[in-house]
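Report on the following structure.
The values are calculated or read from the model by the stated rules, or taken from the named source; none is laboratory data. Not measured: the values here are computed from a predicted model. All Cβ positions, even for glycine, are placed from backbone atoms using ideal geometry, and neighbour counts span all protein chains on display. The protein model used for the area step is the full one, side chains on, heavy atoms only, and it has no ligands, DNA or RNA in it. Shrake-Rupley method; radii C 1.70, N 1.55, O 1.52, S 1.80 Å.
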Amino acid sequence: MRYFLVISGRKLLLAAAICAGACLAGCLAIGMGKTVTAAAAERDLPIYSVEREEKVCALTFDAAWGNEDTQQLIDILKKDDITATFFVVGEWVDKYPESVKALSDAGHEVMNHSSTHPHMTELSANQMIAEVQECNQKIEAITGVCPTLFRPPYGDYNDTVVSTMRSIDMYTIQWDVDSLDWKDPPACDIVSRVVNNAQNGSIILFHNAATNTPEALPDVIEGLKEKGFSFQPVSKLIYKDNFTMDHTGRQIPAAAQDS
């Protein structure tokens, strides 16, 4: 009998230990889950797209390196009376001031893509501000307009990048439709990718000096128009206040959030 009681006690202790361990693990898992959820909820996101009832989108172009097709892009957009947003690097402004002026004179938005095209997440907040303000000054000196939008080079951002830009009254802009034109796919692939993926409030990414973008752009515009889309520059597409952001970086107006 004594032997039986000793074994039972050990089993009881073992069962209690297992139970306690399981409870502890469960508590830790719940705590970790709350932490992850909170972190995800508090993540500071740039604007990838905008909740809009109407079928409207924005065409954007990043200009960092070459300049061989800028005037061609201006001419294509002019034919369809489209105002686009060009995110330019300060060093590109230095090399091609006449193109910056041509873009501005044609009515397009000339916005900020940093001064030297660094990975912004590798910079301190002060360095980020210096990068952006230097580029702003170069653009404003030519166009007379100080940019209010910033697109991080390489699409590289973190919470600090977004919050630092906000501290100097800059909206951080990404995209939800990527043409991948920088990979030099055939024009038909660019057209298909953009037209098939655009939605109300999309921000569409192109690049200047991409081999097949000038060939693809007229068909992209035609395809989007056939689907009922109109076009706005990014500064007119986005909400400046009274909005929230969902987990994809889509702006939701406060009225829609409350409904």
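Some observations on this one:
- Distance (nanometres) between label positions extended 7 Å along Cα→Cβ at T160 and K240: 3.0 nm
- Stretchable slack from E42 to A125, in nm (0.36 nm times residue separation minus alpha-carbon distance): 28.0 nm
- Along its principal axes, the stretch 96-160 has C-alpha extents of 34, 19, 19 angstrom, given from the largest down.
- Computed log₁₀ I(q)/I(0) - Debye formula, equal Cα scatterers, no solvent, the stretch 47-151, q 0.21, 0.23 Å⁻¹: -1.10, -1.23
- Length added when fully stretched, K227-H247, from 0.36 nm per residue minus Cα-Cα: 4.5 nm
- Residue pairs, from the table K55/K183; K101/K183; K101/K227; K79/K101; K138/K183; K79/K236, whose Cα atoms sit over 26 Å apart: K55/K183; K101/K183; K101/K227; K138/K183
- A straight chain from D81 to D94 at 0.36 nm per residue would run longer than the Cα-Cα distance by 1.9 nm.
- Accessible-area value, C146, 1.4 Å probe, nucleic acids and ligands omitted, Å²: 60 Å²
- The simple Förster model, with R0 at 30 Å and r as the Cβ-Cβ distance, assigns Q71 and D169 a FRET efficiency of 0.45.
- Rounded to whole numbers, the Karplus 3J(HN,Hα) couplings from phi for the stretch 162-174 are 5, 5, 5, 5, 4, 5, 10, 6, 10, 8, 8, 10, 10 Hz, using 6.51 cos²θ - 1.76 cosθ + 1.60 with θ = phi - 60°, and x at Gly and Pro.
- Cβ-based charge dipole, the stretch 102-259, positive-most Cα from N196, Y239, L123: Y239
- Put simply, the amide H of V177, placed in the peptide plane, has neighbours under 5 Å in I203, L205, leaving out anything fewer than 5 places away on its chain.
- The stretch 107-254 - Rg (one decimal) and Dmax (whole number), Cα, Å: 16.2, 46
- Label-to-label distance for A254 and A106 is 3.8 nm, based on points extended 7 Å past Cα in the beta-carbon direction.
- Rounded to the nearest whole Hz, the Karplus-based 3J(HN,Hα) values (6.51 cos²θ - 1.76 cosθ + 1.60, θ = phi - 60°) of the stretch 137-154 follow the sequence 5, 5, 5, 5, 4, 9, 9, x, 10, 7, x, 10, 10, 10, 10, x, x, 6, with x at glycine and proline.
- Probing with 1.4 Å while keeping every protein chain in the model, the per residue accessible area of the stretch 51-171 equals 44 Å².
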